[in-house]
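Working notes for the structure below.
The values are calculated or read from the model by the stated rules, or taken from the named source; none is laboratory data. Just so it is clear, the structure is predicted and the values come from calculations on it, not from any experiment. Neighbour counts are summed over all protein chains in view; Cβ atoms, including those assigned to glycine, are modelled from backbone coordinates with ideal geometry. Side chains included, ligands, DNA and RNA excluded: accessible areas come from the protein's heavy atoms. Shrake-Rupley method; radii C 1.70, N 1.55, O 1.52, S 1.80 Å.
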Amino acid sequence: MRSEPSASTGEPFTESLTQSLTESLPNREHLPVEAARAVVLDVVVPVYNEEKDLESCVRRLHDHLVRTFPYGHRITIADNASTDRTPEIAAWLSALIPEVTTYRLEQKGRGRALRTVWSASDAPVLAYMDVDLSTDLNALLPLVAPLISGHSDLAIGSRLARSSRVVRGPKREFISRTYNLILRGSLAARFSDAQCGFKAIRRDVAQRLLPMVEDTGWFFDTELLVLAERAGLRIHEVPVDWVDDPESTVHIVKTATDDLKGVWRVGKALAVGALPLDRLARPFGDDPRDRQLPGVPGGLARQLVGFCVVGVLSTLFYLALYSLFRMGLGAQLANAGALLVSAVANTAANRRLTFGVRGRDRAVRHQAQGLVVFAIGLALTSGSLAALGTAAGAPSHATELTVLIAANLAATVLRFLLFRVWVFPDRRTESPAPTAALLQDHDQDSASPYRSAREDTREDTREDTREDTRDDTRDDARTAR
């Protein structure tokens, strides 16, 4: 048996340190052509007591990859504490086939196996499939191609797409469709099939996403996809041909119960903003032209749209509160109370929806800064009411509302500028910390088959420039002589 992946090499520490210093994911990039000579795809096959099907599965998968996959590949057998001959068969296959390796876990759980192996893998694209190979392998290359090209972050096989061809009994069909309907209704999931055992993910995304996923069993897939979708990552769906395995050992009732508990847990965490999904944010537009527009801050158009939507809703909320408070209070007190309540709601909505800040980090600070912005708005609107009272004496309610709307429009422009520049600044434009720079230098100095062609080109250009300079110097010296 060849050596298994190890978690004690120091690499996880480097990755975790890099993650703590980086607030968003980098731009997606197509893997360079020279990467084809190294392992690009790592296909994990989680198994538990699969001595009957393991050999045929691995041989069939390996044959398919050798014949059809144009990049380097690896098959990793993730043994979930099997008690039969599965470990011996896995070791034998690992010794027999160079592209096969095995990883032994002493605890059960498909999610635990995937988290462990994916975290230790060095392949830029990670995938997994069930040992029964119910999914047609012709969908494997379409599954991982968008990840290799840099177009998508995750990819899933879908048995519920219109062009999919599926053979399974009515019981499993009903359970699958019901479960996905529950996800759509409770977690607002837009992907069509959460539990198909045929998925792939980019390694850079997995490094950030896996620490946020708590489940270690069958709900692992769903939690992974929901968090990725909520963070705005791109999920590619591939219609698949799928034939049900009648000898599947999955306990349907227990799995369904655990899944529903997982839905409740994830829904609660998302509702209270307990997950730092901003760590998974991608820059808006990976085309270099989107990042080189002079004088135009990134994401400005999207933030303006979000701020306007939140502003309209906040204004309606404010006017309703003012009308309600005005029944028992004076104009100034009604205005102050309505503006205070709506300002808290406005700051929370803009924090999450407009500027994409999630989680509880700096939430109190943001609200305090929002109250300062509220004070400026209060001064504008209160001053407008005072000026109206001085000029008109006893203005009508409609006149008060008209003046307040005009004052709020002026305050809104100032509020957006303060929110963008002071309360929610774009921290991705800040200079990287010294430690991050050292890590970057270390990564560039490390021997890696994935060094980009642009780096090689820049190095060749510098070398050519130095050579031309030396030649010119020698020519000048000869001319002088």
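Condition first: of a type in the set (A, V, I, L, M) and either surrounded by fewer than 19 Cβ atoms within 10 Å (Cβ to Cβ) or modelled with pLDDT under 95 (or both). Now tell me which residues in region 91-112 satisfy that. The answer is Ala91, Ala95, Leu96, Ile97, Leu105.
Are any residues in region 159-185 loosely packed, with under 14 Cβ neighbours inside 10 Å and among the hydroxyl-bearing types (Ser, Thr, Tyr), and if so, which ones? Matches in region 159-185: Ser163, Thr178. Could you count how many residues in region 124-138 are touching a strand residue (DSSP E or B) at 6+ places or on another chain (Cβ under 7 Å) and surrounded by fewer than 20 Cβ atoms within 10 Å (Cβ to Cβ)? So the count comes out to 1. Which one of these does Leu329 not meet: (1) more than 24 Å from Arg302 (Cα to Cα); (2) modelled with pLDDT of 85 or more; (3) assigned to a helix (DSSP H, G or I)? Unmet condition: (3).
Of the residues screened, Gly359 is not one that is buried (at least 18 other Cβ atoms within 10 Å of the Cβ), under 30 Å from Arg279 (Cα atoms), modelled with pLDDT under 85 and under 29 Å from the mean Cα position of the chain (by Cα). Lys199 - would you say it is open to solvent by less than 40 Å² (accessible area, probe 1.4 Å) and either out of contact with any helix residue (DSSP H, G or I) (no Cβ under 8 Å at 6 or more places or on another chain) or modelled with pLDDT of 90 or more (or both)? It is true that Lys199 is open to solvent by less than 40 Å² (accessible area, probe 1.4 Å) and either out of contact with any helix residue (DSSP H, G or I) (no Cβ under 8 Å at 6 or more places or on another chain) or modelled with pLDDT of 90 or more (or both).
Here is the figure for region 62-117: residues that are aliphatic (A, V, I, L, M) and under 29 Å from the mean Cα position of the chain (by Cα) total 8. Condition test on Ser176, is it touching a residue at least 60 places away in the same chain (Cβ under 8 Å) and not charged (D, E, K, R)? So Ser176 does not fit the description; no. With respect to the conditions (1) out of contact with any helix residue (DSSP H, G or I) (no Cβ under 8 Å at 6 or more places or on another chain); (2) more than 30 Å from Val167 (Cα to Cα); (3) part of a loop (DSSP other than H, G, I, E, B), Asp245 falls short on a single one, namely (2). Taking the criterion of being touching a strand residue (DSSP E or B) at 6+ places or on another chain (Cβ under 9 Å), small (Gly, Ala, Ser) and open to solvent by 40 Å² or more (accessible area, probe 1.4 Å), no residue of region 33-85 qualifies.
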